[in-house]
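First up is the structure itself, then whatever we jot down about it.
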Amino acid sequence: MTTTVERIKVWDGFVRVFHWTVVSCVLANLFLLESGEAPHRWTGYLATGFVVARLVWGFVGSRYARFADFFPTPRRLAQHWA
């Protein structure tokens with residue numbers, strides 16, 4: 001007997017790209033790039049740009065990317081606990 005697992009993607013493409021870009025920028029700045037050098041600064045600017053874009057996307061993006069979907073309301077908590 002085989003069991004199939006249905007995968008449901010919740011996060012949209014932008015959120016996934018945002019996440020891994022910021023992770024890459026932080027790791028590069030921590031371990032690969034020299035502090036104060038131009039590549040280090042530009043990587044920081046790139047990460048900052050993605051954070052700003054994510055803030056905008058949190059208000060205008062897809063359903064699960066919006067900040068309003070993050071916060072637990074009494075109804076959401078009751079549904080989750082049920």
Within a Cβ distance under 14 Å of Val22, other residues only, what is the Lys/Arg minus Asp/Glu net charge? +2
Rounded to the nearest 20 Debye, what is the dipole magnitude of the chain about its Cα centre when Lys and Arg each give +1 and Asp and Glu each give -1 at the C-beta? 400
Here the convex hull volume per residue of the chain, taken over Cα atoms and given in Å³, is 164
Please return the longest stretch of the chain lacking exposed loop sites, where trypsin sites (Lys or Arg not before Pro) count only if DSSP places them in a loop and at most 16 other Cβ atoms lie within 10 Å. 10-65
Qualifying chymotrypsin sites (Phe, Trp or Tyr not before Pro) for the chain [loop in DSSP, other Cβ within 10 Å: at most 11]: Phe70
Could you tell me the relative contact order of the chain? Use alpha-carbon pairs under 8 Å, at least six residues apart, and round to a whole percent. 27
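Laboratory data are not the source of any read-out in this text; all were calculated from the coordinates shown. The shown structure was predicted, so the numbers you read here are calculated from the model rather than taken from an experiment. Reconstructed Cβ throughout: ideal geometry from the backbone, glycine too, with neighbour counts over all protein chains shown.
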